[in-house]
Amino acid sequence: MSEVKNLGFDSKCVHSGVGDYEYGPVVPPIYQTSTFKFETAQHGGALFKGEQKGYIYTRMLNPTVEAMEDAIAALENGHKGLGCGSGMAAVHTVFAALLSVGDHIVCSEAVYGPTVTLLKTVFAKFGVETTFVDASNLDAIKNAIKQNTKVVYIETPGNPTLAIADLEAAAKIAHEANAQFVVDNTFMSPALQKPLDLGADVVLHSLTKFLNGHADVVGGVIIVKDEDTYKHFRKILNQTGGVIDPFNSFLVHRGLKTLSLRMERHSVSSQKVAEWLEAHPKIEWVRYPGLKSHPQYEIAKRQHTAQGGMITFEVKGGFSAGEAVMNSVKLCQLAVSLGGVESLIQHPASMTHASMGKEIREEAGITDGLIRLSVGIENVEDIIADLEKALEEV
Ligand code: LCS
């Protein structure tokens, strides 16, 4: 990895993870190979023993994948990254690495639906107990801690309610309980929030979203702070096998170069769209961290360098009115996922968060009328005009 430690964040987006390669390309080549030749049998044996550095087999590590991992680790101010086949593979790897039978995890209730389901089904089956809490309430986190709590897991801003947790304070609570503090930083990206600097032990992302940014990759990444944790996580990922491939890593690395620019545009446009929605007579409520009406507006101002690309709102008339808007938009695409250059709109209760069940959904504030908008980098006037026309159909 080239020396990027002292560069500013935008420069790191362009240069981190880029090394020196044969023929002098300025971007890492795609090493599209499943396996690597050993020079001799002794060399192969030494690589397996860890006595020599080198690549063995792409599930274990691949140079194109490692270049992308190093780039994101640099952006998060971490030690090393681990590329995964999806965001859920990253979530699964973290839980598998940190939790054992009889352990307890405190998890924020506003999280991506399948994270809830993974804990409630797979990990419950292996004897891991979960307490879901409103992570914007520090007392709720504190009260949920038990003798056997090993992990405090927070997504902030939460998907889709945009509830915000105070990371520094939550880290203190986790560490007082000797628990690992894990943050899903998908919604903000390291351009806007750096959880490791605020006390998190492990950060993860769905690469599918802002880090790749172009809606053409499914991937995930975990960033850790030290070599021992890295080795432990690498072993688990190697054994469970949920790795990312070289071509998708190349695409993510390419996307990272414009991360700063994209996050700036997402944030500026989202502020305008959120303010416009809040003033619209057919809108019941709007949630965006850059609006004074957001319950954690002050924390957002302190914790984020800008407020990101995600907005939620409810149309007056509830779900059927929201449905009319989703069916009428033309520029905004009616699709799940988020964080790409194109604006996407969807309905969490029947789509991304359907699997978690009505009870926990409602407790987390994911009402049936809630609509989620991922604001893209199109002209903001066009996004607003699209929403305005769709609202005329209500
Ligand atoms: N973490 C967060 C915060 C997410 O939003 C998602 C996916 C994941 C993890 C899992 O990542 P994946 O496996 O999909 O790469 N969120 C999605 C969403 O809100 N709509 O579609 C996917």
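The values are calculated or read from the model by the stated rules, or taken from the named source; none is laboratory data. Since this is a predicted model, take the numbers as computed values, not measurements. Glycine also receives a Cβ, built like all others from the backbone with ideal geometry; neighbour counts cover every protein chain displayed.
To keep it simple, each residue is scored yes or no on (1) of a type outside the set (G, A, S); (2) more than 14 Å from the chain's Cα centre (by Cα).
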| site | (1), (2) |
| --- | --- |
| K80 | yes, yes |
| C84 | yes, no |
| A96 | no, yes |
| C107 | yes, yes |
| V116 | yes, yes |
### Task
Name the residue, out of G339, G308, that is within 16 Å of the ligand (Cβ to nearest atom) and out of contact with any strand residue (DSSP E or B) (no Cβ under 8 Å at 6 or more places or on another chain).
G308
#### Entry: Residue list for segment 182-201, restricted to those being outside any loop (DSSP other than H, G, I, E, B), of a type in the set (A, V, I, L, M, F, W, C) and surrounded by 24 or more Cβ atoms within 10 Å (Cβ to Cβ)
V182, V183
### Condition met for E359 (part of a strand (DSSP E or B) and more than 16 Å from the ligand (Cβ to nearest atom))
no
#### Entry: Selected residue [out of contact with any helix residue (DSSP H, G or I) (no Cβ under 7 Å at 6 or more places or on another chain), at positive phi, outside the structural domain of V116 (by TED's automatic domain parsing) and not hydrophobic (A, V, I, L, M, F, W, C)] from G322, G357, G308
G357
## Note on the structure
All-but-one check, G54 against (1) away from the ligand (no atom under 16 Å from the Cβ); (2) on the phi < 0 side of the Ramachandran plot, failing number (2)
### Query
Out of (1) more than 27 Å from the chain's Cα centre (by Cα); (2) under 22 Å from V243 (Cα atoms); (3) of a type outside the set (D, E), what's the single condition that is false for A41?
(2)
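This table checks each residue for (1) assigned by TED's automatic domain parsing to the domain that holds T130; (2) within 30 Å of A354 (Cβ to Cβ); (3) touching a strand residue (DSSP E or B) at 6+ places or on another chain (Cβ under 7 Å); (4) not aromatic (F, W, Y).
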{"residue": "G50", "(1), (2), (3), (4)": "no, no, no, yes"}
{"residue": "E69", "(1), (2), (3), (4)": "yes, no, yes, yes"}
{"residue": "G81", "(1), (2), (3), (4)": "yes, no, yes, yes"}
{"residue": "S86", "(1), (2), (3), (4)": "yes, yes, yes, yes"}
{"residue": "A90", "(1), (2), (3), (4)": "yes, yes, yes, yes"}
{"residue": "A96", "(1), (2), (3), (4)": "yes, yes, no, yes"}
{"residue": "C107", "(1), (2), (3), (4)": "yes, yes, yes, yes"}
{"residue": "V111", "(1), (2), (3), (4)": "yes, yes, yes, yes"}
{"residue": "L118", "(1), (2), (3), (4)": "yes, yes, no, yes"}
### Message
Here are the criteria: (1) more than 25 Å from the chain's Cα centre (by Cα); (2) of a type in the set (V, I, T); (3) under 15 Å from D70 (Cα atoms). Tell me which single one V18 does not satisfy.
### Response
(1)
#### Entry: Test set (1) crowded, with 19+ Cβ neighbours inside 10 Å; (2) at negative phi - G339 fails condition number
(2)
### Task
Report yes if M351 is modelled with pLDDT under 90 and on the phi < 0 side of the Ramachandran plot, otherwise no.
no
### Filter result for K272 (in contact (Cβ under 8 Å) with a residue 24 or more places away in the chain and either out of contact with any Asp or Glu (no Cβ under 8 Å at 6 or more places or on another chain) or hydrophobic (A, V, I, L, M, F, W, C) (or both))
yes
### Summary
Result of the Cβ filter at 9 Å on segment 248-267, keeping first residues that are acidic (D, E) and partners that are in a loop (DSSP other than H, G, I, E, B), at least 6 apart or interchain, is E264/A191; E264/A306
### Query
Among the residues of segment 207-236 satisfying the criterion of being of a type in the set (A, V, I, L, M, F, W, C) and more than 16 Å from the ligand (Cβ to nearest atom), which is surrounded by the fewest Cβ atoms within 10 Å (Cβ to Cβ)?
I236
### Message
If I filter segment 301-322 for residues that are out of contact with any Phe, Trp or Tyr (no Cβ under 8 Å at 6 or more places or on another chain), under 25 Å from D166 (Cα atoms) and charged (D, E, K, R), do I get at least one hit?
### Response
yes
## Note on the structure
The number of residues in segment 119-151 that are within 16 Å of the ligand (Cβ to nearest atom) and either acidic (D, E) or within 16 Å of the chain's Cα centre (by Cα) (or both) is 0
#### Entry: Test result for S293, of a type outside the set (F, W, Y), within 16 Å of the ligand (Cβ to nearest atom), surrounded by fewer than 19 Cβ atoms within 10 Å (Cβ to Cβ) and at pLDDT 95 or above
no
### Query
Quick check, is V183 free of Cβ contacts under 8 Å to residues at least 40 places away in the same chain and within 12 Å of the ligand (Cβ to nearest atom)?
yes
### Task
Count, please, the residues in segment 160-176 that happen to be touching a strand residue (DSSP E or B) at 6+ places or on another chain (Cβ under 9 Å) and within 16 Å of the ligand (Cβ to nearest atom).
6
